[in-house]
Amino acid sequence: MATGYLYHEIFGWHDTGSNAGLFGADPAAGLQPYMHLENAETKRRIHELIVVSGLIDRLERVRPRHASEEEILKVHTRDHLERIQAESRWPKGGDAGDGFSPFGKGGYEIAALAAGGVITMVEAVVSGDVTNGYALVRPPGHHAVAGSGMGFCVFGNLAIAARHARDVLGVRRIAVVDWDVHHGNGTQSFFYGDPDVLTISLHQDNCFPPDSGALTERGDGAGFGYALNVPLPPGTGDGGYLYAMDRVVAPALQRFRPDLILVASGFDGSAMDPLARQLLTSEGYRTMTRRLMEVAEDLCGGRIAMSHEGGYNPVYVPFCGLAVIETLAGAEPFADPFLPVVSGMAGQDLQPHQKALVDEVAALVGDIS
Ligand SMILES: Cc1nn(C)c(C)c1/N=N/c1ccc(/C=C/C(=O)NO)cc1
Ligand SMILES: [Zn+2]
C-alpha cells in the first residue's frame, strides 16, 4: 500500500500580490496593503511539516506535469483559457475572472501545473502505482467554472482530472467529496447533469460563493440526485462533520459504488481559520480521512486522490494537512500541539440543529441508484 505525494516549489511562486486579505489595497478606503489571504505560506508550511516530521520518507513522490490546452478545454471555455494566457503575459499578471483572484506574470503556467498535478496524481492512483495520494497544488480549483476563475481559483483542477479519468483512463463512476469549508460550486457545475459523477460538498452554510450550495441543489436531468450538498451551520465541529460522513457521505458512496474517489481537500473548516467559522480539529480531518479509506477499501480498492484547496491559518493548517496525509499513508500520528486548545471548545460534539440538517440531507441519498 503506497501513498503518493505531489508538491512543487513553483506553486509557491503563484503570485496573488500585495492585497488586503480579499480586496486590493485601497488606502483611501482604509485598506492597508497586506498579503493576499491565498498566499504560498500555508502550502509551504504543510510541505515543510511533512518533511520535518519524517512523513516524507513514507510517501512516493509524484512529479507534476502541465495540463495541456486540450485537457483544460475539456471543462473550460476557449475564451477563459485564452484570457488567462494573455493576462499571464502582462508584466504584473491579471485576474482569474472575479476580481478577487489575482495572479502574476507566468500565472497561466503555474495554474496549468496545478491542474496537471492533479491529473498526474489521478493517473498514479488509477494505474495502481499508488493506492491513494495527496496533490498539494496551488492555485486551488473548486470554485472555477467553465467561463471564469473564482474565489482564488483559476482552473477547475479536480474537474479537469475527473474528466481525464473518464475520457482517457476509462474510469466510469467517479465520486468527488469536497470538505473544503466553502461550497464546491465549480466542480458541481461541471457534472451537474452527469449521473456517473457524484459530487458531495460539505461546507459552511452560505459562506462562499454567496447563495450557493443549498441542499436543494441536487443536479439536473439525468444527473438529478447525483449532486449532494450539506450546508452545515456555522460552528460545526468534529461531531457534526463525522455525523455527516456517517449519515450522508458513506451511505451515498455505498449506493453509488464509485470506481474512484476524489477529494477536494481544504482545511479552512478548521477551528483556527480566518475565512470561515467551523471548529474542525486535526483529529476531525484524520477521522474523515479514515472513514473515506474504509469506504474506498470496500468499494474501489482504496483508490482515493486528494487535491488541495483552501485553508488559511499558516500555523494550524500544517497540522490538519499532516493528519490527512499520515492517515492516507497509515503512519503513526505526529502530535498536534493545538489539539488540547481546539478539541476542548464547547460545540465540538454534534448539536441538535446540525443533526437536523444532516438528517434532512440523508433523506435524499435514497435517490442514488
Ligand atoms: C470579496 C468579496 N466580495 N463579496 C461580495 C464577496 C462575497 C466576497 N468574498 N470573496 C471571497 C470569500 C471567500 C473566499 C474563499 C475561498 C476559498 O477558500 N475557497 O475554498 C473567496 C472569495
Ligand atoms: Zn475554502
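The values are calculated or read from the model by the stated rules, or taken from the named source; none is laboratory data. A quick note: this is a predicted structure, and the numbers were derived from the prediction, not measured. Positions of Cβ are generated from backbone atoms using ideal geometry, with glycine treated the same way; all protein chains shown enter the neighbour counts.
Annotations
- Just one residue in the set Met35, Met1 is modelled with pLDDT under 95 and under 25 Å from Ala329 (Cα atoms); that residue is Met1.
- Selection within the stretch 306-344 - within 16 Å of ligand 1 (Cβ to nearest atom), buried (at least 23 other Cβ atoms within 10 Å of the Cβ) and not aromatic (Phe, Trp, Tyr): Met306, Ser307, His308, Glu309, Gly310, Gly311, Val317, Cys320, Gly321, Val324
- All conditions but one from (1) more than 20 Å from Gly186 (Cα to Cα); (2) free of Cβ contacts under 8 Å to residues at least 60 places away in the same chain; (3) not in a loop (DSSP other than H, G, I, E, B) apply to Gly133; the one that does not is (2).
- Number of positions in the stretch 74-98 that are surrounded by fewer than 22 Cβ atoms within 10 Å (Cβ to Cβ), under 21 Å from the mean Cα position of the chain (by Cα) and not charged (D, E, K, R): 1
- Residues in the stretch 211-267 that are closer than 22 Å to Ala161 by Cα and of a type in the set (S, T, N, Q): Asn229, Ser265.
- Apart from one condition, Ala96 fits all of (1) closer than 19 Å to Gly151 by Cβ; (2) more than 16 Å from ligand 2 (Cβ to nearest atom); the exception is (2).
- A count restricted to the stretch 12-27 and to residues that are surrounded by fewer than 18 Cβ atoms within 10 Å (Cβ to Cβ) and modelled with pLDDT of 95 or more stands at 2.
- Scanning the stretch 351-361 for residues that are surrounded by fewer than 20 Cβ atoms within 10 Å (Cβ to Cβ) and not in a loop (DSSP other than H, G, I, E, B) returns Pro352, His353, Lys355, Ala356, Asp359, Glu360.
- Criterion violated by Arg63 - all others in (1) in contact with a Gly (Cβ under 9 Å, 6 or more places away or on another chain); (2) surrounded by 14 or more Cβ atoms within 10 Å (Cβ to Cβ); (3) modelled with pLDDT of 95 or more satisfied: (2)
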